[in-house]
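Q: After the structure tokens below, expect a handful of questions from me.
Just so it is clear, none of the values below were taken in a lab; they were calculated from the coordinates. Remember, it's a predicted structure, so these values are computed and weren't measured experimentally. Cβ sites come from the backbone with ideal geometry, for glycine too, and all protein chains shown count toward neighbours.
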Amino acid sequence: MEALRNSVLFLTLICMSIHYANTVLFNFTVICMEPQDKSGNNTKVFTPVEEGWILSMISVGAIVGTFPSIYITKQIGLRMSFTLSGYVSAIATMFMPLASVNFYWILVVRFVQAVLERS
């Protein structure tokens, strides 16, 4: 029985780490982004204001998502809430490459990831 508990604990730790990494790793990507074409005028992909919005959308989503996640967890239980947020976070992360064509879609995906991170 102890081995089963340790296995569940380890699996939960791995899932939570991956779930949190969905949002955090993109921060490093935005910070380290450089233009592909070095021969041009070195125009950045995002302006500093846009980078600020992309990075701060995690905080906005976390603030907005706190109370709904408490309600959802009370209604469907912690296990189901965690599973559901993991699935939706994975789907939102899959949409991130599609969101790269539009700044506002990036904000939406980051917001969804942050709301789901609260659950």
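Q: State log₁₀ I(q)/I(0) for segment 56-119 at q = 0.12, 0.13, 0.20, 0.27 Å⁻¹ as given by the Debye formula over alpha-carbon point scatterers of equal weight, solvent excluded.
A: The Debye formula, applied to the Cα set alone, gives -0.29, -0.34, -0.73, -1.07.
Q: Next question, about the same structure. Rounded to the nearest 0.05, what FRET efficiency is calculated for residue 8 and residue 75 with R0 set to 25 Å and r the Cβ-Cβ distance?
A: On the way: r = 23 Å, r/R0 = 0.92.
Working from the Cβ atoms, E equals 0.60.
Q: Relative contact order (percent) for the chain, with alpha-carbon contacts under 8 angstrom and 6 or more residues of separation? The partial results should precede the final answer.
A: Working: 93 pairs, mean separation 42.3, N = 119.
That works out to 36 percent.
Q: For residue 30 and residue 87 in the same chain, what is the full-extension length gain: residue separation times 0.36 nm, less their Cα-Cα distance, in nm?
A: Values: separation 57, 0.36 × 57 = 20.52 nm, distance 2.40 nm.
That works out to 18.1 nm of additional length.
Q: With a Förster radius of 22 Å, plug the Cβ-Cβ distance of residue 98 and residue 21 into 1/(1 + (r/R0)^6) and report the FRET value to the nearest 0.05. Intermediate values should be presented prior to the final figure.
A: Numbers: r = 20 Å, r/R0 = 0.89.
Computed FRET efficiency for residue 98 and residue 21: 0.65.
Q: For the chain, place one equal point scatterer on every Cα, skip the solvent, and apply the Debye formula. What is log10 of I(q)/I(0) at q = 0.10, 0.16, 0.22 Å⁻¹?
A: -0.38, -0.81, -1.24
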